[in-house]
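Engineer: Here's a structure for you.
The values are calculated or read from the model by the stated rules, or taken from the named source; none is laboratory data. All values derive from a computational prediction rather than experimental measurement. For neighbour counting, all protein chains shown are included, and Cβ atoms are generated from backbone atoms with ideal geometry for every residue, glycine included. SASA here: full protein model, heavy atoms, side chains in, ligands and nucleic acids out. Shrake-Rupley method; radii C 1.70, N 1.55, O 1.52, S 1.80 Å.
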Amino acid sequence: MIAIFGASGYIGSKLISVLNKKKIKYVCPKLSKKKGFVKIKDFESKSIKIFIKKYNIRTIINLHAQTNIEKSFDDLEYDFVHNIKLTISILKSIKDTNKKITYIFIGTVTQLGYTNINKSININYKSNPLTVFDLNKQYCEDLIRIYKQKYNLNAFTLRFANVFGPGNSVDKDRGVINKMINSAVKFNKITLFGNGKIIRDFLYIDDATEAIYLSLKYKFKLSVND
């Protein structure tokens with residue numbers, strides 16, 4: 001059984017559609033009651049361990065996140081709770097319950113900071129986060145790497161670029177392509193930040209969900225210790 005945290009978000013809701021078509025079993029924990037979700041008391045490790053045992057979880061996908069960049073600066077505690085604490089609880093739960101459970105964490109390419117487009121980037125490229133959001137994503141990735149090495153866990157990160165496509169994001173301040181399209185449709189002003197020379201990567205929503213599906217399919221090949 002697969003557990004999907006953050007299944008009510010933009011990527012999560014699309015991923016559920018993919019898993020339904022492929023008839024893959026999953027369960028979606030949520031702090032509040034909602035149709036199609038299973039209520040979990042909190043995101044503490046004790047509650048997650050109970051959840052893992054009850055539903056015989058073998059893979060955990062963490063899409064849950066606070067994605068508003070400005071809010072990550074303004075409310076450090078809130079960002080910590082939603083972008084770090086859940087990973088801490090999940091890793092502790094896996095270590096204490098079943099080390100064979102696979103943990104798939106969704107990171108972001110902006111963990112790297114600004115990069116030179118004329119130079120290739122490999123897995124050992126040193127990250128230089130420029131926002132609190134990116135910093136916390138990188139912290140989780142580093143924590144996962146350390147836990148993998150110490151406890152021999154099956155875990156890895158998928159770093160996504162700006163995901164765009166049909167559908168609505170929970171956070172209206174995220175998804176620059178969708179915001180630009182909506183502004184154009186409404187004949188509103190389209191704002192271009194910076195000097196117009198910055199190159200950004202974008203990822204179509206179907207490609208994002210396909211990447212997660214393939215990571216599920218080949219999870220033991222991807223979770224090789226560094």
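Engineer: Considering (1) touching a His at 6+ places or on another chain (Cβ under 8 Å); (2) closer than 23 Å to residue 217 by Cα; (3) part of a helix (DSSP H, G or I), say which one residue 94 fails and leave the rest.
Structural biologist: Condition not satisfied by residue 94: (1).
Engineer: Could you run through segment 115-156 and say how many residues are over 23 Å from residue 69 (Cα atoms), free of Cβ contacts under 8 Å to residues at least 60 places away in the same chain, part of a helix (DSSP H, G or I) and not charged (D, E, K, R)?
Structural biologist: 3
Engineer: Run residue 162 past the list (1) modelled with pLDDT of 80 or more; (2) under 22 Å from residue 8 (Cα atoms); (3) surrounded by 17 or more Cβ atoms within 10 Å (Cβ to Cβ) and report the number of the one that doesn't hold.
Structural biologist: Answer for residue 162: the failing condition is (3).
Engineer: Pull out all pairs, ordered by first then second residue, where Cβ-Cβ is under 7 Å, the residues are six or more apart or on different chains, the first lies in segment 51-65 and is within 17 Å of residue 107 (Cβ to Cβ), and the second is modelled with pLDDT of 95 or more and open to solvent by 40 Å² or more (accessible area, probe 1.4 Å).
Structural biologist: Pairs found: none.
Engineer: Select from segment 128-144 the residues that are more than 16 Å from the chain's Cα centre (by Cα) and surrounded by fewer than 17 Cβ atoms within 10 Å (Cβ to Cβ) and list them in ascending order.
Structural biologist: Answer for segment 128-144, where residues must be more than 16 Å from the chain's Cα centre (by Cα) and surrounded by fewer than 17 Cβ atoms within 10 Å (Cβ to Cβ): 128, 130.
Engineer: Does residue 49 satisfy the condition of being in contact with a helix residue (DSSP H, G or I) (Cβ under 6 Å, 6 or more places away or on another chain), within 14 Å of residue 90 (Cα to Cα) and charged (D, E, K, R)?
Structural biologist: yes
Engineer: A follow-up question, please. Do you know which residues across segment 29-39 are over 19 Å from the mean Cα position of the chain (by Cα) and surrounded by 12 or more Cβ atoms within 10 Å (Cβ to Cβ)?
Structural biologist: If the condition is that a residue be over 19 Å from the mean Cα position of the chain (by Cα) and surrounded by 12 or more Cβ atoms within 10 Å (Cβ to Cβ), then 34, 38 are the ones that fit.
Engineer: Within segment 1-10, track down each residue that is open to solvent by 30 Å² or more (accessible area, probe 1.4 Å) and in contact with a helix residue (DSSP H, G or I) (Cβ under 6 Å, 6 or more places away or on another chain). Walk me through it before giving the result.
Structural biologist: First pass over segment 1-10, keeping only residues open to solvent by 30 Å² or more (accessible area, probe 1.4 Å): 1, 8.
Scanning segment 1-10 gives a single hit, 1.
Engineer: Another question about this same structure. Within the set of pairs 6+ apart or on separate chains, which have a first residue in segment 67-81 that is part of a loop (DSSP other than H, G, I, E, B), a second that is surrounded by fewer than 13 Cβ atoms within 10 Å (Cβ to Cβ), and C-beta atoms under 6 Å apart?
Structural biologist: Taking only residues 6 or more apart or on different chains, the pairs are 68/173.
Engineer: Going by what's in this entry, would residue 40 be described as touching a strand residue (DSSP E or B) at 6+ places or on another chain (Cβ under 9 Å), without any contact (Cβ under 8 Å) to a residue 24 or more places away in the chain and either of a type in the set (Val, Ile, Thr) or farther than 19 Å from residue 138 by Cβ (or both)?
Structural biologist: Numbers: touching a strand residue (DSSP E or B) at 6+ places or on another chain (Cβ under 9 Å): yes; without any contact (Cβ under 8 Å) to a residue 24 or more places away in the chain: yes; either of a type in the set (Val, Ile, Thr) or farther than 19 Å from residue 138 by Cβ (or both): yes.
So residue 40 fits the description; yes.
Engineer: Considering only residues of segment 50-90 that are farther than 22 Å from residue 214 by Cα and β-branched (Val, Ile, Thr), which is most open to solvent (accessible area, probe 1.4 Å)?
Structural biologist: Initial filter on segment 50-90 (farther than 22 Å from residue 214 by Cα): 50-55, 66-86, 88-89.
Right, trim to β-branched (Val, Ile, Thr) and you get 50, 52, 67, 69, 81, 84, 88.
On the way: 50: 102, 52: 7, 67: 39, 69: 46, 81: 68, 84: 10, 88: 50 Å².
Checked segment 50-90; the qualifying residue most open to solvent (accessible area, probe 1.4 Å) is 50.
Engineer: Here's a follow-up. Evaluate segment 78-93: report whether one residue or more is among the basic types (Lys, Arg) and closer than 29 Å to residue 151 by Cα. Break it down into steps so the answer makes sense when it comes.
Structural biologist: Residues of segment 78-93 among the basic types (Lys, Arg): 85, 92.
Remaining after also requiring closer than 29 Å to residue 151 by Cα: 85, 92.
The answer is yes; a qualifying residue exists.
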